[in-house]
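> Supplied in structure tokens, the structure appears directly below.
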Amino acid sequence: MECQTCGNRKNLRTCSGCKSTFYCSRECQFADWNNHLQICRKEELNIERENYENIIKQLEEELEVERENNRNMQQYIEYLEKMDMDTASE
Ligand SMILES: [Zn+2]
Ligand SMILES: [Zn+2]
């Protein structure tokens with residue numbers, strides 16, 4: 001591990017965007033930013049896509065549960081309406 005810009009091996013911090021590139025100071029990070037942005041964004045986008053797919057998958061599962069609940073609720077409402085009609089006709 002060494003600073004991406006100056007090669008320093010002390011006081012290293014990781015880039016908070018990709019967490020795989022090291023800098024010894026903000027000045028070094030800033031100096032390398034234009035180059036690094038292309039690598040960093042790429043990794044960030046991969047992570048975003050992975051998160052996005054997970055979120056979509058989760059939403060679809062939740063939607064399926066909700067759909068099932070709605071179906072049950074619909075049956076329940078129909079049941080109640082039928083009960084109402086039955087009692088009203090008496
Ligand atoms: Zn440095
Ligand atoms: Zn980065």
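The values are calculated or read from the model by the stated rules, or taken from the named source; none is laboratory data. Not measured: the values here are computed from a predicted model. Using ideal geometry, Cβ is built from the backbone for each residue, glycine included, and neighbour counts are taken over all protein chains shown.
> In segment 1-23, how many are of a type in the set (Ser, Thr, Tyr) and either surrounded by fewer than 10 Cβ atoms within 10 Å (Cβ to Cβ) or part of a loop (DSSP other than H, G, I, E, B) (or both)?
Residues meeting the conditions: 4.
> Kindly check whether there is at least one residue in segment 24-37 that is assigned to a loop (DSSP other than H, G, I, E, B) and in contact with a helix residue (DSSP H, G or I) (Cβ under 8 Å, 6 or more places away or on another chain).
No.
> Mind checking which residues of segment 1-55 are of a type in the set (Val, Ile, Thr) and either in contact with a Cys (Cβ under 7 Å, 6 or more places away or on another chain) or within 13 Å of ligand 2 (Cβ to nearest atom) (or both)?
The answer is 5, 14, 21, 39, 47.
> So residue 40 ticks every box in (1) within 16 Å of ligand 1 (Cβ to nearest atom); (2) out of contact with any Phe, Trp or Tyr (no Cβ under 8 Å at 6 or more places or on another chain); (3) in contact (Cβ under 8 Å) with a residue 24 or more places away in the chain but one. Which box is left unticked?
(1)
> Right, something else. How many of the residues in segment 14-34 are more than 12 Å from ligand 1 (Cβ to nearest atom) and modelled with pLDDT of 90 or more?
Summing the residues that are more than 12 Å from ligand 1 (Cβ to nearest atom) and modelled with pLDDT of 90 or more in segment 14-34 gives 1.
> Could you give me the residue pairs with C-beta distances under 9 Å whose first residue belongs to segment 18-36 and is over 20 Å from residue 46 (Cα atoms), whose second residue is of a type in the set (Lys, Arg) and more than 12 Å from ligand 2 (Cβ to nearest atom) wherever it lies, and which are 6+ apart or on separate chains?
Every condition considered, the pairs that remain are 24/9; 24/10.
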